[in-house]
Amino acid sequence: MVHLNVDLIAKSSNHFKSKRDYFTQYLKKLTHLNFSNRNIDDIDDLSMCRNLTVLYLYDNQITHIRNLSFASNLTHLYIQNNNITHIQNLSSLQKLSKLFLGGNSITVVEGLEQLKELKELHIECQRLPAGEKLLFDPRTVLGLSESLCVLNIKKNNIDEIQDLAVLSKLTHLFAADNHLQNMQELEMVFSQWPQLHRMDLRGNPVCHKPKYRDQIITVCKKLEDLDGKEINELSRQFLINWKASKEAKKKEKDEKIMTGQMTYPFSADFNLGPQHPFAYNYADFLGKRKPLEYVRPSMKIRSDPVQTDRKGNTEDCSNCRTGFRRES
């Protein structure tokens, strides 16, 4: 059992073994504290470190986030690769700008709605129960909508991101190795992120869709890097113009259909030129064809079904009951 407290800080620094009188002053001035990979399983009383701005606690055995309410000046918290299951007790960190929670056992992104200065949230690679995916509390997402710029959610079994559409300030999205596959949904969400500059979706089923890259580039007007590949501005403009032209032609066609101006082969004149041997008006042709006349079958059955034609050939007419003939 290793607890992070002032005593552990004192023991870790040889500087204070002979100068214990200055230790209190040191704690009050302390701004950066690095206790990564120290087998720490709990955060104890650190209230004397009131000016702490950066805290490194990654690669430990911490199960709960607590005793950080004193750190009102904290801007960076690195607490990835621990055993944390819930995001809690962070609402007092009003100046927190970057939060690193990757590699834990968190199932729901919650409890962050009060962090109005949070710009980066890294919550990738959670150790999730079999068949489960990382979920997002709508209150937290809405609370971060005006501040969050960088979101790292890769490898979390996520299959849809519609709930994240309100994150209008997002500039970087890292969502590789998930289960995203609905291109229409992605286009809708990305259209709400006008500031998106960099995105990584590698390892998602959607990447195998036809024209995947072209569609993403045309929706994200400011995207500079997609899946690790730089986007050429000339190529982007070509795709945007091509899409606009295609939509304009479709709109024109739809308008013609609605107004009855569109013609079809079965009703249109084939304008092959007057000299063309097959030039004719197809509609007139159908109108001039003489209909087949129905001939009433004879009710009398011949006793001798065999008839002889002029050349002496015989023909069995036993099955003849009806007939059609064309008007002369």
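Per-structure values
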{"quantity": "Selection count where residues are of a type in the set (S, T, N, Q) and farther than 19 Å from Asp137 by Cβ, scope region 64-93", "calculated": "9"}
{"quantity": "Every residue from region 221-236 that is of a type outside the set (D, E, K, R) and modelled with pLDDT of 90 or more", "calculated": "Leu223, Leu226, Gly228"}
{"quantity": "Enumeration of residues in region 63-79 that are touching a strand residue (DSSP E or B) at 6+ places or on another chain (Cβ under 9 Å) and surrounded by fewer than 22 Cβ atoms within 10 Å (Cβ to Cβ)", "calculated": "Thr63, His64, Ile65, Arg66, Asn67, Leu68, Thr75, His76, Tyr78"}
{"quantity": "All strands (runs of 3 or more DSSP E) inside region 21-95 with 1 or more residues being of a type outside the set (Asp, Glu) and more than 37 Å from the chain's Cα centre (by Cα)", "calculated": "32-34"}
{"quantity": "Sole exception among (1) open to solvent by 50 Å² or more (accessible area, probe 1.4 Å); (2) out of contact with any helix residue (DSSP H, G or I) (no Cβ under 9 Å at 6 or more places or on another chain); (3) part of a loop (DSSP other than H, G, I, E, B); (4) hydrophobic (A, V, I, L, M, F, W, C) for Leu234, by number", "calculated": "(3)"}
{"quantity": "Leu223 being open to solvent by less than 40 Å² (accessible area, probe 1.4 Å), among the aliphatic types (A, V, I, L, M) and assigned to a loop (DSSP other than H, G, I, E, B)", "calculated": "yes"}
{"quantity": "Any hit, region 191-202, residues being among the hydrophobic types (A, V, I, L, M, F, W, C), under 23 Å from Glu120 (Cβ atoms), assigned to a helix (DSSP H, G or I) and at pLDDT 90 or above", "calculated": "no"}
{"quantity": "Residue pairs meeting the criteria (Cβ under 8 Å; at least 6 apart or on separate chains; first closer than 18 Å to Asn34 by Cβ, in region 75-94; second of a type in the set (Val, Ile, Thr) and assigned to a loop (DSSP other than H, G, I, E, B))", "calculated": "Thr75/Thr53; His76/Thr53; Ile79/Ile62; Ile79/Ile65; Asn82/Ile62; Asn82/Thr63"}
{"quantity": "Residue within region 7-16 that is over 21 Å from Glu120 (Cβ atoms), touching a Leu at 6+ places or on another chain (Cβ under 9 Å) and either open to solvent by 70 Å² or more (accessible area, probe 1.4 Å) or touching a residue at least 24 places away in the same chain (Cβ under 8 Å) (or both) present", "calculated": "yes"}
{"quantity": "Residue within region 104-127 that is aliphatic (A, V, I, L, M) and open to solvent by 70 Å² or more (accessible area, probe 1.4 Å) present", "calculated": "no"}
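The values are calculated or read from the model by the stated rules, or taken from the named source; none is laboratory data. Computed from a predicted structure; not experimentally measured. So basically every Cβ, Gly included, is an ideal-geometry build from the backbone, and we count neighbours across all protein chains shown. When the accessible area is computed, the model is the full protein with side chains, heavy atoms only, and any ligands, DNA or RNA have been set aside. Shrake-Rupley method; radii C 1.70, N 1.55, O 1.52, S 1.80 Å.
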